[in-house]
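Enquirer: Here it is, the structure in full.
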Amino acid sequence: MTDRWLAAWGLGSVAFGGASLLVPLYIVLLGAAPVQLGILAATAAIVGAPGAIAFGRVANRVDNRRPLVIATLLGVTGSLAVIPFLTSIRSVIVVNAVLWLFVASVGPVLTMLVVDDAPEFAWSERIGLVNKYQGYGWAGGLVLGTIWPFVGSRLLAADAATLTRALFWVLAGCAGVSALLAIRTLPRPAPSAHVTDDRAVRRIGRLLAESGRGVKGATFAFSPNRLYWTTRGIDPRRLATRLDPTLRTYFVAGLFFFTGSAAFWAPLPLFLTDVGFDSGQIFALYLVSSLGSAVCYEAAGRLSARYDVRRLQSGTLAARGVLFPSTIAITMLGGAAALGGAALVLTLVGITWAGIAVIGTAIVTRLAPTSARGEILGAYVALGAIGGGLGGVLGGWAATVNYFTAFAVAGGLVLVGAGLVVSLEAFGNRSVTASASDSTAR
């Protein structure tokens, strides 16, 4: 099977990565309040789950999945092209929800396409390959946003508002060209090669739940693609009987730190704008945070196999909880020092996310009974989605008081999560530590 279509998808991912920050910056330009930024973040997170489920079910029932990918890219193209014409914050929030409904929904379809016609032993590599192309594309969108104020001002000789609107059309062009290339390059596997049986679903779900989060992980807390695959086989009644006290405590901790993380990111674009950073600098800050995560996923995996995962996770969470409100103090330095300090803090925030994502999955995997591991991993992924929605609204609301309150609340929630993870030692030490030792021995 040819992989040329992955390059086309990578180009489309440039549009996704750029839009992830450009839309928040655009409603800031329109005069958005912190609550509206929180609603924007929450709706983008919430619509992904039902969209992924609907598209995934359709993809299981059709002989040709190519139109679903092409429709997604065309839908993203249209959404990005229309946003610059909108002057109502409410309408931008609605169109942004449609945009992320398209982006989130296609995830399961991509996974099916990339493993179709491939032997099962190659699935992990195939899934990693599509994530690599999407990750590089996402980072490319942040790079484009970083350099656009310099390039666009020379090409258009326009003010900041016009340049922001023009970048939407550039990103729409990326998605449109991606759609045209996808039409020519997407594979046409035979219907008999479609991966739909229950055993395959469980295998794919586990691969996705345990895989690295990619370059977008620092600022996009969960993947509807993983949510779809890992929750397809969940039986809530059976699952409830498999969550022992240690796992229940860790899930409560997860709800705290997922919610706190989302509460930090929701009002951040408005805060960075208010302290004087321009759009290119804000894009650069998000880029270094995402790259900080991406380069540390493998290291986090190695550490989780060698050391006590409870202490690793609680330490990473504690650092993240302190870093959130410290963003306020760093930006008070002013000038280049403020930009450099913010870049350092957000890079560290990105690094902590690599630890939280990878080590957290390791903890759940080790504590879950083998017979219910897939369901429990799926529930953990769903927990991230719930936290993303709650945190978006909470962060926007808290920022109406002031930014320090918002970031302190976000950090406090993460610190509560850290405390709960530490408490696992009292009644879960043997199982978690033993698993870590087994992992090292292997």
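Enquirer: Hey, if we sort Phe256, Phe168 by accessible area with the 1.4 Å probe, largest down, what's the order? Intermediate results must be reported in sequence, preceding the final value.
Expert: Numbers: Phe256 70, Phe168 0 Å².
Output order, biggest surface exposure first: Phe256, Phe168.
Enquirer: Using alpha carbon centroids, what distance separates the stretch 170-185 and the stretch 93-129, in Å?
Expert: 17
Enquirer: How large, in percent, is the carbon and sulfur part of the accessible surface of the stretch 272-352 at a probe radius of 1.4 Å? Don't jump to the answer; show the numbers that get you there.
Expert: Values: 2240 of 3300 Å².
Solvent-exposed carbon and sulfur of the stretch 272-352 make up 68 percent of the total.
Enquirer: Could you give the radius of gyration (one decimal) and Dmax (whole number) of the Cα atoms in the stretch 342-420, in Å?
Expert: When restricted to the Cα atoms of the stretch 342-420, Rg and Dmax are 15.1, 47 Å.
Enquirer: Follow-up. What is the dipole size for the stretch 240-377, taken about its Cα centre, with +1 at each Lys and Arg Cβ and -1 at each Asp and Glu Cβ, in debye to the nearest 20?
Expert: Numbers: 9 positive and 6 negative charges, 119 e Å.
Its charge dipole is roughly 560 debye.
Enquirer: Can I ask one more? Give the whole-number value, in cubic angstrom per residue, of the convex hull volume spanned by the C-alpha atoms of the stretch 1-155.
Expert: 122
Enquirer: If you take the alpha carbon radius of gyration of the stretch 46-120 and divide it by 2.2 N^0.38 Å, what ratio comes out, to two decimals?
Expert: Compared with the compact-globule rule of thumb, the stretch 46-120 sits at 1.25.
Enquirer: Which value, in Å², gives the accessible area per residue of the stretch 326-419 when a 1.4 Å probe is used on the protein heavy atoms? Walk me through the intermediate numbers first.
Expert: Details: 3060 Å² over 94 residues.
Dividing the accessible area of the stretch 326-419 by its residue count gives 33 Å².
The values are calculated or read from the model by the stated rules, or taken from the named source; none is laboratory data. Computed from a predicted structure; not experimentally measured. No Cβ is skipped: glycine too gets one built from the backbone with ideal geometry, and neighbour counts run over all protein chains shown. Keep in mind that these areas ignore ligands, DNA and RNA; they rest on the heavy atoms of the full protein, side chains included. Shrake-Rupley method; radii C 1.70, N 1.55, O 1.52, S 1.80 Å.
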